[in-house]
1. List the residue pairs whose Cβ atoms are under 8 Å apart, where the first residue sits in the range 189-209 and is among the aromatic types (Phe, Trp, Tyr), the second is away from the ligand (no atom under 14 Å from the Cβ) and open to solvent by less than 30 Å² (accessible area, probe 1.4 Å), and the two are 6 or more positions apart or on different chains.
2. For the list (1) surrounded by 14 or more Cβ atoms within 10 Å (Cβ to Cβ); (2) within 12 Å of the ligand (Cβ to nearest atom), I need the number of the one condition that ALA110 fails.
3. Do we have LYS136 as touching a residue at least 60 places away in the same chain (Cβ under 8 Å), under 29 Å from LYS203 (Cβ atoms) and of a type in the set (Lys, Arg) here?
4. Can you confirm whether the range 209-228 contains a residue that is within 27 Å of TYR93 (Cβ to Cβ) and either open to solvent by less than 10 Å² (accessible area, probe 1.4 Å) or not in a strand (DSSP E or B) (or both)?
5. Tell me, which residue of the range 134-152 that is within 14 Å of the ligand (Cβ to nearest atom) and of a type in the set (Val, Ile, Thr) is least open to solvent (accessible area, probe 1.4 Å)?
6. Can you name the residue in the range 175-185 that is assigned to a loop (DSSP other than H, G, I, E, B) and under 15 Å from ALA151 (Cβ atoms) and is also farthest from the ligand (Cβ to nearest atom) among such residues?
7. Among the numbered criteria (1) loosely packed, with under 15 Cβ neighbours inside 10 Å; (2) without any contact (Cβ under 8 Å) to a residue 40 or more places away in the chain, which one does LEU66 miss?
8. Quick one: which of GLY172, GLY131, GLY155 is at positive phi and either within 12 Å of the ligand (Cβ to nearest atom) or buried (at least 17 other Cβ atoms within 10 Å of the Cβ) (or both)?
Amino acid sequence: MRIVHFLSLLLSVLSVFAQKAKIHTVSTEAGIEVLVDNPEVIPVSVTFSYEFTNMKSSKGSAFTALVPAESKNINVATLMPTRKGKYSYKSSYNYFYGDLNNKEIDPDFAYLLPYETGASFKLSQGYLSSGTHSAKYALDFTMPINTTVVAARGGTVFKVIDEFDKTCYRPGCEDFNNVIRIYHEDGTIGEYAHINTNSALVKPGDQVKANQPIAKSGNIGYSSGPHLHFEVAVPTINGTKTIPTKFEISTNKQTELLTEGKYYRKK
Ligand SMILES: [Zn+2]
């Protein structure tokens, strides 16, 4: 079989995604090898869906591949003709930060309050509250602009947006949120939102420890007043899904879910 003939029959685009991961193919004796490059600093999941004509894949027509951080030419499948004559395929891909099939999440991990020791702030919106968190496990701490925000948990910083400078309180304005996202050891993702313009103290690829300052708080994006929005999420096929997390708020190592309306002083 002359593999080189395949290439003229390909219907797919060989490089995809608005984001940085890239899919490409190479022909070998075994068939068409599907390869992924992931320049991101954390793992990514790529979902593949194929329509084959006289072809098959070593992984079936729909599968998900987990691609390690900062990797190149990761072989995720081999496409092969099933008979002589014409063969072709159409493909579509989707790309997600983190592991879609993660089973390692630790529901009892002790998060730290995301501000400095001695500071006390009100939890103005708690989980699933009636405001902008009605369908979200997210927390809003009311705090003055330029309060130091610290990592609630260590991990790898993979997204930093701090160039926005406007505030507007209506749906759609979340597109102008300044955020920092940190990938945790158990595959969950922490998000710190509405940070002040040009206030980030970390950059993508940085490893941060819990309690390390990462930014100054602000009132940027979809925000009704100065506060820090914090949430932890996991990737799903339909986008990220927020999850509840427990905090260590006293010195006796007890953890608890936070209650809306209460002030929390960091010990
Ligand atoms: Zn919020």
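1. TYR192/ILE180; TYR192/ILE182; TYR192/ILE214; TYR192/ALA215
2. Among (1) surrounded by 14 or more Cβ atoms within 10 Å (Cβ to Cβ); (2) within 12 Å of the ligand (Cβ to nearest atom), ALA110 violates only (2).
3. On the way: touching a residue at least 60 places away in the same chain (Cβ under 8 Å): yes; under 29 Å from LYS203 (Cβ atoms): yes; of a type in the set (Lys, Arg): yes.
Yes: the conditions hold for LYS136.
4. Taking the range 209-228 and keeping what is within 27 Å of TYR93 (Cβ to Cβ), we get none.
No, that holds for no residue.
5. Step one: list which residues in the range 134-152 are within 14 Å of the ligand (Cβ to nearest atom), which gives 134-143, 149.
Now narrow it down to the ones that are of a type in the set (Val, Ile, Thr): 142, 149.
On the way: THR142: 64, VAL149: 0 Å².
This residue is VAL149.
6. Initially, the range 175-185 is screened for residues assigned to a loop (DSSP other than H, G, I, E, B), giving 177-178, 184-185.
Of the ones still in play, those that are also under 15 Å from ALA151 (Cβ atoms) are 184-185.
Values: HIS184: 19, GLU185: 25 Å.
If we take residues in the range 175-185 being assigned to a loop (DSSP other than H, G, I, E, B) and under 15 Å from ALA151 (Cβ atoms), then GLU185 is farthest from the ligand (Cβ to nearest atom).
7. With (1) loosely packed, with under 15 Cβ neighbours inside 10 Å; (2) without any contact (Cβ under 8 Å) to a residue 40 or more places away in the chain applied to LEU66, the lone miss is (1).
8. GLY155
The values are calculated or read from the model by the stated rules, or taken from the named source; none is laboratory data. Just so you know, these numbers come straight off a predicted model, no measurement behind them. When we count neighbours, we look across all protein chains shown, and the Cβ atoms used for this are built from the backbone with ideal geometry, even at glycine. Keep in mind that these areas ignore ligands, DNA and RNA; they rest on the heavy atoms of the full protein, side chains included. Shrake-Rupley method; radii C 1.70, N 1.55, O 1.52, S 1.80 Å.
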